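The values are calculated or read from the model by the stated rules, or taken from the named source; none is laboratory data. Keep in mind it's a predicted model, so treat the numbers as computed, not measured. Note: ideal-geometry Cβ built from the backbone for every residue, glycine included; neighbour counts use all protein chains shown. Remember, those area values only see protein heavy atoms, side chains included, never the ligands or the DNA or RNA. Shrake-Rupley method; radii C 1.70, N 1.55, O 1.52, S 1.80 Å.
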Amino acid sequence: MQVVKDIGRAWAQLRNNNSGLAYLPFWRQLLEMAALFLIRGIGPGYYLQARWWRTAVPFSDKWDHVNKKEYNAFIDRWNLPGYQKSSQHKVIEKAILQLTSVPTPEFIGFLHPQRGACADGTPLRGLADLEALCRRLMGQKVCFKLVEGYGGAGFAAFEIGEADGRPVFVHPVTAVVTPVADWHARIEKNADGYIVEHYLVQHPVLSGIHANSVNTLRIWLYQARGECRIAGAFLRVGRKGSMVDNTSGGGIFCPVDLATGVISHAANAKNPLDTMTAHPDTGGQISGVQLPYWKECQDVAMRALQAFPHVNIAGVDVAIATDGPRMIELNVRPDQIGCARLNLPLRQVERWMRGD
């Protein structure tokens, strides 16, 4: 079984660690894993992701984490199901954020075969509309995102060029040239469409770590009784030249100190015992890096959460441009593994939200 292999690998790393990590005896870890799985329904894989072998984590905190069924019920109690779609559809989400003056990447249009339109109201439905838009944006870099996409699926970014009198897309990393007509033929049957935005130029501090991906903060936060609290944050960074930073797509995550905005380290999303102080591909420094505009990033995340009705807990993705943060996406049902990475016991969070 994979989980047995994962436990064995983690224990071997702990035995051989040269950094002096303090960890619980293996018999204690095994006993805790069994109790949490049999009574609380929290599996050993979650235990390892949360690094609960650390002596500094009280068992009471581990007990107050939730299993998958409890997590989904928690989300539906605090984010009313009828309102969850308001942030899961990127066009609706963009409209709400812009109406409430939350800074986002600049909107160009909504590409859809029946309902598509540019920001100025001109149609953006077929190939002719897309090519006309590209001619207006010649030489600029744009990105396309699935209106209902997850984990970076369907994301594409291009610089707009011209060949033989017709617009083409030039991949910003590989420089591969794709005729706009060829790209449109591949995606035109997508039922939901794409949101089109100007590509965000990230702050040099972030591009110094990994320039090909826009590296975003995932900020977990919740609110009740007019008070908003930030539970934790980590920076997500792309790998191996990828243009997406999602950990599900192979990226690494970097915990951030809430008080200072300083990155502590980077870790492999599949095995958080594999830690690093610099990016494994670029050599860019990670540990000790001060994130620019850290206070502003927190403010943008809170304003974004407060903009959506009947949504009280979220994982908010924030990018940092040269002139400040930009809200990228609000996730009303963020990947639960984030609770493990941030040591976020949701039963404690819920007691605060109820006012217990």
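What the table shows:
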{"quantity": "Per residue accessible area of the range 147-274, 1.4 Å probe, in Å²", "calculated": "41 Å²"}
{"quantity": "FRET efficiency, 1/(1 + (r/R0)^6) with R0 45 Å, evaluated for E296 and R166 via beta carbons", "calculated": "0.60"}
{"quantity": "Virtual spin-label span in nm between A185 and H265, 7 Å along Cα→Cβ", "calculated": "5.1 nm"}
{"quantity": "Nitroxide proxy distance, nm - points 7 Å out along Cα→Cβ at A119 and T322", "calculated": "1.8 nm"}
{"quantity": "Amide N of the range 106-139 lying under 19 Å from the label point, which is placed 7 angstrom from the Cα of V201 along Cα→Cβ", "calculated": "106-108, 137-139"}
{"quantity": "Two-site FRET efficiency, S60 against A128, from Cβ-Cβ distance with R₀ of 45 Å, rounded to 0.05", "calculated": "0.10"}
{"quantity": "Selection from I96, T122, L36, by position along the positive dipole direction of the chain (Cβ)", "calculated": "L36"}
{"quantity": "Viscosity 0.692 mPa s, temperature 37 °C, Stokes-Einstein D of the range 75-212 from Kirkwood C-alpha radius, µm²/s", "calculated": "202 µm²/s"}
{"quantity": "Ordering of 106-119, 330-343 by packing [mean C-beta count within 10 Å, highest first]", "calculated": "330-343, 106-119"}
{"quantity": "Charge-dipole axis of the chain as Lys and Arg at +1 and Asp and Glu at -1 on Cβ define it, positive-most pick from I313, C143, N67", "calculated": "N67"}
{"quantity": "Carbon plus sulfur fraction of accessible area for the chain, probe 1.4 Å, in percent", "calculated": "54 percent"}
{"quantity": "Alpha-carbon centroids, the range 220-245 and the range 1-56: separation in whole Å", "calculated": "25 Å"}
{"quantity": "Chain lengthening between D281 and A34 when straightened (0.36 nm per residue, less Cα-Cα)", "calculated": "85.2 nm"}
{"quantity": "Proximal lysines to K94, defined as alpha-carbon separation beneath 24 angstrom and excluding residues fewer than eight positions away on the same chain", "calculated": "K85, K141, K145, K189, K295"}
{"quantity": "Cα Rg, Dmax, the range 52-156, angstrom units", "calculated": "20.4, 62"}
{"quantity": "Range of Cα positions in the chain per principal axis (Å), largest first", "calculated": "70, 44, 39"}
{"quantity": "Rg followed by Dmax, in Å, when the range 157-259 is reduced to its Cα trace", "calculated": "18.1, 61"}
{"quantity": "Accessible area expressed per residue, the range 1-95, with surrounding protein chains retained (probe 1.4 Å, Å²)", "calculated": "54 Å²"}
{"quantity": "Kirkwood Rh, Cα atoms: Rg over Rh of the range 276-356", "calculated": "1.03"}
{"quantity": "Given charges at Cβ of Lys, Arg, Asp, Glu: the chain dipole, positive-most of Q223, A132, A12", "calculated": "A12"}
{"quantity": "Residue-span extension gain [R354 to A156] - 0.36 nm each, minus C-alpha spacing", "calculated": "67.1 nm"}
{"quantity": "Gain on full stretching of the segment that runs from T178 to L21 - 0.36 nm per residue minus C-alpha separation", "calculated": "51.5 nm"}
{"quantity": "Around D245: net Lys/Arg minus Asp/Glu count, Cβ-Cβ under 11 Å", "calculated": "+2"}
{"quantity": "Normalised contact order of the chain, rounded percent, pairs of Cα under 8 Å and 6 or more residues apart", "calculated": "18 percent"}
{"quantity": "Set of aspartates and glutamates near K68 by C-alpha distance (under 17 Å), chain-local residues within fewer than 8 positions excluded", "calculated": "D76, D335, E350"}
{"quantity": "Cβ-placed point charges (K, R +1; D, E -1), dipole of the chain about Cα centre in debye, nearest 20", "calculated": "1040 debye"}
{"quantity": "Dipole magnitude of the range 225-323 about its Cα centre (Cβ charges: Lys, Arg +1; Asp, Glu -1), debye to nearest 20", "calculated": "200 debye"}
